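Please read the structure below before turning to the comments.
The values are calculated or read from the model by the stated rules, or taken from the named source; none is laboratory data. These numbers come from a predicted model, not from an experiment. So basically every Cβ, Gly included, is an ideal-geometry build from the backbone, and we count neighbours across all protein chains shown. Surface accessibility is based on the protein's heavy atoms, side chains included, excluding ligands, DNA and RNA. Shrake-Rupley method; radii C 1.70, N 1.55, O 1.52, S 1.80 Å.
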Amino acid sequence: MLSHKRDHYCGLLNREMAGQTVHLSGWVQRTRDLGGLVFVWLRDREGLVQLVFDGNDCSPELLSLAQSLRSEYVLTVVGEVRLRDESAVNRELKTGEIEVVVREAVLLNKSETPPIYIDDKADENELVRLKYRYLDLRRPSMQEKLRVRSRVVNCIRTALDEQGFTEVETPILSKSTPEGARDFLVPSRLHPGTFYALPQSPQIYKQLLMLAGFDKYYQIARCFRDEDNRADRQPEFTQCDIEMSFIDEEDIYAVVEGVFARIFKEVKGVELQLPLPRMTWDYAMENYGSDKPDTRFEMRLKNLTDKLANSGFVVFDNAIAEGGRVEAINAKGLASMTRKEIDSLAEFVKTYRAKGLPYMIFTADGNVKSSFNKFMTPEMIEIVRTEMNAEPGDIVFFGADKKAVVWQSLGALRCEIAKRKGLIDEGKYNLFWVTEFPLFEYSEEEQRYVAAHHPFTSWYEEDNCHMDGDKEKIRSRAYDLVMNGIELASGSIRIHRADLQAQMFEMIGLSDEEAHHRFGFLLDAFKYGAPPHGGLAFGVDRLVMLLTGSDSLRDVIAFPKATSANCLMMETPADVRPDQLETLKIKVDLPAENS
């Protein structure tokens, strides 16, 4: 019987191999039966090749086998590579210049009709794709994305290994800690009533590794966060975790930029210009309304609060009187927007708590039309024209509200307009650092200051003067790496002294008792000579998504969860047997279903 062991991949055959005998194995993509002549497309991980079963050249049994083949049958064949006639060359197929004339074949396995098409051109429902993920992964585009992911991870490891980093695995079963997202909890059988937590990141462990003297650590780490449904998040994800001792921000930037330069060169053939640009958090927010701005297009925010004070327009005047601000963006050349388009944008900004979207249209004939015509004065028009560099054909949109609302709504609006109007160069990769984030942010829900980054982040010593005053003015030594409006990496210089760490816990409202209950091991460790250290982590899933031009993280993860955080293929989460719960001393108390 013919062995199933191949000696060539289908997609790697080429015209130079004409005349060679090859042994191929794979899946049937499709067939074309012309009676005494059957064409079969055979697929493996490298691509497709056309097989030819010629009744004038093969046995009746072999021809009958070919005629019985269906989509996704598993087949192994031996045949001779030959050049196609010039008129039969398929320019869309990598192997389109050749075909394989089959001499032997064995059907290894049959297949039922698949519930999805194994074809990149098919537009399948995502929920069906996730339910039958093992079939979806047969598609060439999906396999290519996972191979890119493998190359990215290999680049990371190679780059860091060459710089003397040590890869260390940290525990998956850890301790639940406050701050950040909710933890996934794992009950302990041996210690009833207690729980492990799956790590949201290896943050504390990597700091302890610095104290242990490892100096340069990294890990391709699996992390878990129990968050509400979000299209761009997964409950479990992969990040590259990095930590270094006796360094400052410049050392972190240099290492990470080197890693990204290698990835972009080897995966995309793109040479990054190093060092990467930088902007402070204040600059990013004032100009783009976002701490992860998309800089592939302009349309920056401009603060007009002082210029438009006492304008006579009640929306502007009230916002300023209540301590807010008036800002604007100029959508240059887009004055031809229809009223329907403008109304749609007004609805869009409402999702960011904006109450409306005032605008001025500078028409091609030199006139000005506005949503607040009766409040416009020549002075106001001239201020807007000058400050916003408004020319005929431009439309200026305004935000008037609390600073946070204005930034968030106009920051999102500039991106939405750019997407709708095709202003973004999709082939551009704008990478840069955002630095000097606020150390604290005020939580209205909790009525206290919380760590904007995490409670292990250090701050600039010169900002100690704000400790007893406006804490929002304290700048952290935190930094993010941003690309095309997406945060790729986030990190900081850490607190390495026990007294400063205790001070930080106090400032975010953790009592000494609570701090020692949650982080006593870390505070104790700091007593034994912790070095100055810092680090960063970047999302592997997100990076691969951007590099492959995918629309979703789910397209670059082999077995992802759906938006609702469940696995449609494995049907998880699922209930467990009562005896399992009894062993764990757990009682499930669910509300009774409506009768």
Exercise. Report the GluC sites (Glu not before Pro) located in segment 494-595 that are in a DSSP loop and have at most 12 other Cβ atoms inside 10 Å of their Cβ, or state none.
Key: GLU571, GLU593
Quiz item: Could you give the dipole magnitude of segment 189-302 about its Cα centre, charging the beta-carbon of Lys and Arg +1 and that of Asp and Glu -1, in debye to the nearest 20?
Solution: 380 debye
Self-check item: Proximal lysines to LYS421, defined as alpha-carbon separation beneath 18 angstrom and excluding residues fewer than eight positions away on the same chain
Solution: LYS332, LYS340
Quiz item: What is the dipole size for the chain, taken about its Cα centre, with +1 at each Lys and Arg Cβ and -1 at each Asp and Glu Cβ, in debye to the nearest 20?
Solution: 1220 debye
Quiz prompt | Over the chain: helical MRE at 222 nm, DSSP H runs n ≥ 4 each giving -39500 (n - 2.57), nearest 500 | solution = -8000 deg cm²/dmol
Self-check item: Relative contact order (%) - segment 486-578, alpha-carbon pairs under 8 angstrom, separation at least six
Solution: 29 percent
Practice problem: Could you tell me which of PHE437, ALA418, THR457 has its Cα farthest along the dipole of segment 415-477 towards the positive end, charges placed at Cβ (Lys, Arg +1; Asp, Glu -1), taken about the Cα centre? | Solution: ALA418
Quiz prompt | Accessible surface, segment 108-193, averaged per residue in Å² (probe 1.4 Å) | solution = 61 Å²
Quiz prompt | the chain: angle of helix 498-507 to the longest principal axis, Cα-based, in degrees nearest 10 | solution = 80 degrees
Quiz item: Just how much of LYS403 is accessible, in Å², when a 1.4 Å probe is used and the result is rounded to the nearest 10?
Solution: 100 Å²
Practice problem: Give me the angle, in degrees from 0 to 90, between the Cα long axis of helix 403-420 and the longest principal axis of the Cα atoms of the chain, rounded to the nearest 10. | Solution: 30 degrees
Self-check item: Ordering of 196-206, 308-318 by packing [mean C-beta count within 10 Å, highest first]
Solution: 196-206, 308-318
Practice problem: Just list whichever of LYS216/LYS473; LYS94/LYS145; LYS268/LYS292 have alpha carbons separated by over 30 Å in the model shown. | Solution: LYS216/LYS473
Practice problem: Quickly rank 214-221, 146-153 as a protection proxy: mean count of other C-beta atoms within 10 Å, highest first. | Solution: 214-221, 146-153
Quiz prompt | segment 49-146 - convex hull of the alpha-carbon atoms, volume per residue in Å³ | solution = 129 Å³
Quiz prompt | FRET efficiency for THR338 and ARG157, using Cβ-Cβ distance with R0 set to 35 Å, rounded to 0.05 | solution = 0.10
Quiz item: Which label marks the calculated value of percent of Cα pairs over 36 Å apart, given the options (i) 41; (ii) 47; (iii) 54?
Solution: (iii)
Quiz item: List the aspartates and glutamates whose alpha-carbon lies under 14 Å from that of LYS5, not counting same-chain residues fewer than 8 positions away?
Solution: ASP44, GLU104
Quiz prompt | Inter-centroid distance (Cα atoms) of segment 34-91 relative to segment 119-192, Å | solution = 38 Å
Exercise. Report relative contact order for segment 246-376 in percent, whole number only (criteria: Cα-Cα under 8 Å, sequence separation at least 6).
Key: 13 percent
Exercise. Find out how many positive minus negative residues lie around GLU571, taking Lys and Arg as positive, Asp and Glu as negative, among other residues whose Cβ is under 15 Å from that of GLU571.
Key: +2
Quiz prompt | Apportionment of accessible area to carbon and sulfur, the chain, percent (1.4 Å) | solution = 49 percent
Practice problem: Relative to the longest principal axis of the C-alpha atoms of the chain, give the angle of the C-alpha long axis of helix 512-525, reported between 0 and 90° and rounded to the nearest 10°. | Solution: 60 degrees
Quiz prompt | Contact order relative to length of segment 22-154, as percent, for alpha carbon pairs under 8 angstrom and 6 or more apart | solution = 22 percent
Practice problem: Report, ordered by chain and residue number, the aspartates and glutamates lying within cross-link reach of LYS369, taken as a straight Cα distance under 16 Å and ignoring same-chain residues fewer than 8 apart. | Solution: GLU341, ASP343, GLU379, GLU382, GLU391, ASP394
Practice problem: Would you mind working out the accessible area per residue for segment 224-313, using a 1.4 Å probe, and quoting it in Å²? | Solution: 47 Å²
Quiz item: Considering only Cα-Cα distances, which of the following residue pairs are longer than 24 Å: LYS355/LYS403; LYS355/LYS419; LYS419/LYS561?
Solution: LYS419/LYS561
Quiz prompt | Sorted largest first, extent of segment 167-312 alpha carbons per principal axis (Å) | solution = 69, 44, 31
Quiz item: Averaged per residue, what accessible surface does segment 474-530 expose to a 1.4 Å probe, in Å²?
Solution: 41 Å²
Self-check item: Cα centroid separation - segment 478-535 against segment 235-295, whole Å
Solution: 21 Å
